[in-house]
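Step one of this worksheet: look at the structure below.
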Amino acid sequence: MPGSDVTTKTHCPYCALQCGMEITAGKVTETGRELTISPRTDIPANASGALCQKGWTAGELLTNGERLTTPLLHGEPVEWDVALDYVAYRLSAIRAEHGPDAVAVFGGGGLTNEKAYTLGKFARVALGTSQIDYNGRFCMSSAAAASTRAFGMDRGMPFPITDLDDADVVMLAGGNVAETMPPFVRHLSGPRVIVIDPRRTQTAKLAWLHLQPTPGTDLALALGMLHLAIADELVDEEYVAARTTGFDEVRTSLASWWPERVERITGVPVHQMRQAVRAMAAVDKAYILTGRGAEQHAKGTDTVTAFINLALALGLPGTHGSGYGCVTGQGNGQGGREHGQKADQLPGYRKIDDPAAREHMARIWGIPAEEIPGPGRSAYELLDALGTPGGPRAMLLFGSNPVISAPAAEHVAERIGALDLLVACDFVMSETAALADVVFPVTQWAEETGTMTNLEGRVLLRRRAVTPPEGVRSDLDVIAGLAERLGHHFETEPAEVFDELRRASQGGLADYSGITYDRIANETGVFWPCPDEGPSSRHPGTPRPFLDSFATPDGRARFVPVQHRPPAEEVDEDYPVYLSTGRVLAHYQSGAQTRRIAPLVQAAPEPFVELHPDLAEQLDIAAGDIVRVSSRRGEAKAVARISDAIRRDTVFMPFHWEGANRLTNPALDPTSRMPEFKVCAVRVERDS
Ligand code: SF4
């Protein structure tokens, strides 16, 4: 560990805002070295000096008593070599008996770019398996698919977050940034904010206008608003003619989405839809942003497409001061989907079935292109196939806790239980790690160096600030240790891995080849794409990639006609209430980290079910009662909270604890393969 009072500039371990923070390692006390966290003011996302409660308390992750420090083999502590030898032996045996696709790899959107890249390479080169995907599939894959379809490229927010400060109007569909990433709200203090959410969330309470649709009807709402924009002659015809294709087809497809019909479907009054559209059309600078509320549906890609169509009709994307963006959630949700841990992608955001991409990666990896496996199963399909005939028999898990975070979680736990071998890399004993045959204790954020790409597409450098505890190794060491035993050499130094990643990404959509650790440090982050222009020139990075043209073959953005349809599961007599899931301020993702931090547990100690006073009265439920919530997939119990912030027909549960995802529906979006986390049908009863 560095000496006393050493201060290191780094970033928060949690969400995609990747707030800049400084960690000061102070004197050693009886309980360990004192760590102080303070916000950096040189990182635009939180330049105001803000951190949320999770960020302020992140230092406790480093000193937490529940930290894993010894490899475990069937629950017993063993030496590293014993555990690595055992896993390599079992992987080889399973591959020999069942073929390479019998081994699966499941990654995470919180892993650094270096780890995400190495994991993808390890799966394809050392294991030869196509069966790799990651929990980011559950995060922003619908927005990624819709952006790729419309713009030819997916970069969550294709503009710096500070552009929002100068906006006149921002529409946020299905995002609760006031709770998930509070410093974001400071960028919304200037514009009028329109929030679309079935709940009156903390963000909705700050909004100028709140549209509160029935869960699962955002797509109809976006269609209705575009219908109104056309009917009220608010379309930016000049922009549409110059910068887009396909508008006539979309215009025709909207004929049946007249506002009164949309009001009947969504519950949003026509006058509110018109107010929102007129507000957006009347100003110079307007943005439409989507979050998980709009995206985590079996029609998430089409829902985001409908919002992008609206943005295009109003002439927003690819202009200075306006645009469309996705508010990515996980810490490296953006970078995690660019460098190869996704089932259908190779590094640099290349498609795995593109022959030129395969040739390029084959040269980098020194193997014949035909040896690179093709696309594998998406995250839920992969979990669903575990231990089935023809499905994976072994799984390596990095930075993910699917027993809590996957839909139909009880079923997923059963599938995991059917594996011959589960190996987990984690720094605490998550609920999924507890099921593993082998657990490798690994380093965490401030104990290692690596790059993260935040929600703006800005590549940032997380620096090592403290020495890891005795006994732990980085994920890169674990992968290299296994690769060596399988006959391959893998780098373990993050800087060297990043150099290889830069070469691998060169020429791809997400081109990092001109980005170096030094540049990131000196420039407080670099936006991709940033090609390497050689020693005599330096590409500045690309904060706003669509200003001149979109990344489509003709440079124009594509309108895509889409149609609304009901949720995969509608309410009925047996399950008469909608369930929607989401986050609370104090916790992050599956809670494996934040549920171990005392102040966060104090702030939000237990799962709850939020229900409207009218529904509570109808069901004879009072605040504080234990409530049983059942769906066709399972059952969960939680404490009742009564609030008129929720619709009468809907209940809300946070997903940071075991329970909520036992209920959710794994119906998948046909394009993004995103499960329908945000709406399913449930029955709610007071627990007797
Ligand atoms: S907003 Fe996100 S990145 Fe910032 S401190 Fe909170 S959890 Fe960390």
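Of these, 632, 647, 628, which one is buried (at least 18 other Cβ atoms within 10 Å of the Cβ) and in contact (Cβ under 8 Å) with a residue 40 or more places away in the chain? Steps first, please.
Details: 632 fails: buried (at least 18 other Cβ atoms within 10 Å of the Cβ); 628 fails: buried (at least 18 other Cβ atoms within 10 Å of the Cβ).
After ruling out the rest, the residue left standing is 647.
Please state which one of 594, 552 is open to solvent by less than 30 Å² (accessible area, probe 1.4 Å) and modelled with pLDDT of 95 or more.
Details: 594 fails: modelled with pLDDT of 95 or more.
On inspection, the qualifying residue turns out to be 552.
State yes or no: is residue 210 open to solvent by 20 Å² or more (accessible area, probe 1.4 Å), touching a strand residue (DSSP E or B) at 6+ places or on another chain (Cβ under 7 Å) and in contact (Cβ under 8 Å) with a residue 12 or more places away in the chain? If you could, list the steps in order and put the result at the bottom.
Details: open to solvent by 20 Å² or more (accessible area, probe 1.4 Å): yes; touching a strand residue (DSSP E or B) at 6+ places or on another chain (Cβ under 7 Å): yes; in contact (Cβ under 8 Å) with a residue 12 or more places away in the chain: yes.
The answer is yes for residue 210.
Of the numbered conditions (1) assigned to a loop (DSSP other than H, G, I, E, B); (2) away from the ligand (no atom under 11 Å from the Cβ); (3) under 20 Å from residue 469 (Cα atoms); (4) touching a residue at least 12 places away in the same chain (Cβ under 8 Å), residue 48 fails exactly one; give the number of that condition.
So the condition that residue 48 fails would be (3).
Kindly provide the set of residues from segment 579-608 that are more than 15 Å from the ligand (Cβ to nearest atom), over 26 Å from residue 136 (Cβ atoms) and out of contact with any Lys or Arg (no Cβ under 7 Å at 6 or more places or on another chain), ordered by number.
Selection gives 598, 602, 605, 606.
For residue 531, all conditions in the list (1) open to solvent by 30 Å² or more (accessible area, probe 1.4 Å); (2) closer than 20 Å to residue 155 by Cβ; (3) touching a helix residue (DSSP H, G or I) at 6+ places or on another chain (Cβ under 8 Å) hold save one; what is the number of the exception?
Result: residue 531 fails condition (3) only.
Restricting attention to segment 352-402, which residues are in contact with a Leu (Cβ under 7 Å, 6 or more places away or on another chain), in a helix (DSSP H, G or I) and either more than 18 Å from residue 131 (Cα to Cα) or of a type in the set (A, V, I, L, M, F, W, C) (or both)?
357, 361
Which one of these is open to solvent by 10 Å² or more (accessible area, probe 1.4 Å), small (Gly, Ala, Ser) and touching a residue at least 12 places away in the same chain (Cβ under 8 Å): 128, 108?
Working: 108 fails: open to solvent by 10 Å² or more (accessible area, probe 1.4 Å).
Of the residues listed, the single one that is open to solvent by 10 Å² or more (accessible area, probe 1.4 Å), small (Gly, Ala, Ser) and touching a residue at least 12 places away in the same chain (Cβ under 8 Å) is 128.
Return the only residue of 175, 216 being within 16 Å of the ligand (Cβ to nearest atom), open to solvent by less than 20 Å² (accessible area, probe 1.4 Å) and assigned to a loop (DSSP other than H, G, I, E, B).
On the way: 216 fails: within 16 Å of the ligand (Cβ to nearest atom).
The match here is 175.
Restricting to segment 346-366, count the residues that are without any contact (Cβ under 8 Å) to a residue 24 or more places away in the chain and either open to solvent by 10 Å² or more (accessible area, probe 1.4 Å) or within 20 Å of residue 551 (Cα to Cα) (or both). So that I can check it myself, show each step before the final result.
The initial filter retains those residues of segment 346-366 that are without any contact (Cβ under 8 Å) to a residue 24 or more places away in the chain, namely 351-356, 358-359, 362-363, 366.
Next cut, either open to solvent by 10 Å² or more (accessible area, probe 1.4 Å) or within 20 Å of residue 551 (Cα to Cα) (or both) only: 351-356, 358-359, 363, 366.
Total meeting the criteria: 10.
So is residue 582 touching a strand residue (DSSP E or B) at 6+ places or on another chain (Cβ under 8 Å), of a type outside the set (Lys, Arg) and either crowded, with 16+ Cβ neighbours inside 10 Å or farther than 30 Å from residue 238 by Cα (or both) or not? Before the answer, list the steps.
Details: touching a strand residue (DSSP E or B) at 6+ places or on another chain (Cβ under 8 Å): yes; of a type outside the set (Lys, Arg): yes; either crowded, with 16+ Cβ neighbours inside 10 Å or farther than 30 Å from residue 238 by Cα (or both): yes.
So residue 582 passes the test.
Table: residues versus (1) out of contact with any His (no Cβ under 9 Å at 6 or more places or on another chain); (2) surrounded by fewer than 24 Cβ atoms within 10 Å (Cβ to Cβ).
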| site | (1), (2) |
| --- | --- |
| 399 | yes, no |
| 402 | yes, no |
| 411 | yes, yes |
| 416 | yes, yes |
| 439 | yes, no |
| 450 | yes, no |
| 458 | yes, no |
| 463 | no, yes |
| 467 | yes, yes |
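Matching residues to (1) among the polar types (S, T, N, Q); (2) touching a Phe, Trp or Tyr at 6+ places or on another chain (Cβ under 9 Å); (3) open to solvent by 40 Å² or more (accessible area, probe 1.4 Å); (4) part of a helix (DSSP H, G or I):
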position	(1), (2), (3), (4)
238	no, no, yes, yes
241	no, yes, yes, yes
251	no, yes, yes, yes
255	no, no, yes, no
261	no, no, yes, yes
264	no, no, yes, yes
271	no, no, yes, yes
275	yes, no, yes, yes
279	no, yes, no, yes
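If the Cβ limit is 9 Å and pairs must be 6+ apart or interchain, which residue in segment 52-68 that is away from the ligand (no atom under 16 Å from the Cβ) pairs with which residue that is of a type in the set (Asp, Glu)?
If the second residue must be of a type in the set (Asp, Glu), the pairs left are 68/426.
Would you mind telling me which numbered condition in (1) assigned to a strand (DSSP E or B); (2) farther than 18 Å from residue 151 by Cα residue 289 fails?
(2)
I'd like to verify a number: residues in segment 307-339 that are polar (S, T, N, Q) and within 16 Å of the ligand (Cβ to nearest atom), how many? Quick ask: steps written out before the conclusion?
Step one: list which residues in segment 307-339 are polar (S, T, N, Q), which gives 309, 319, 322, 328, 330, 332, 334.
Keeping just the survivors that are within 16 Å of the ligand (Cβ to nearest atom) gives 328, 330, 332, 334.
Looking only at that region, the number is 4.
The values are calculated or read from the model by the stated rules, or taken from the named source; none is laboratory data. Predicted, not measured: the structure shown is a model, and the values here were computed from it. When we count neighbours, we look across all protein chains shown, and the Cβ atoms used for this are built from the backbone with ideal geometry, even at glycine. Remember, those area values only see protein heavy atoms, side chains included, never the ligands or the DNA or RNA. Shrake-Rupley method; radii C 1.70, N 1.55, O 1.52, S 1.80 Å.
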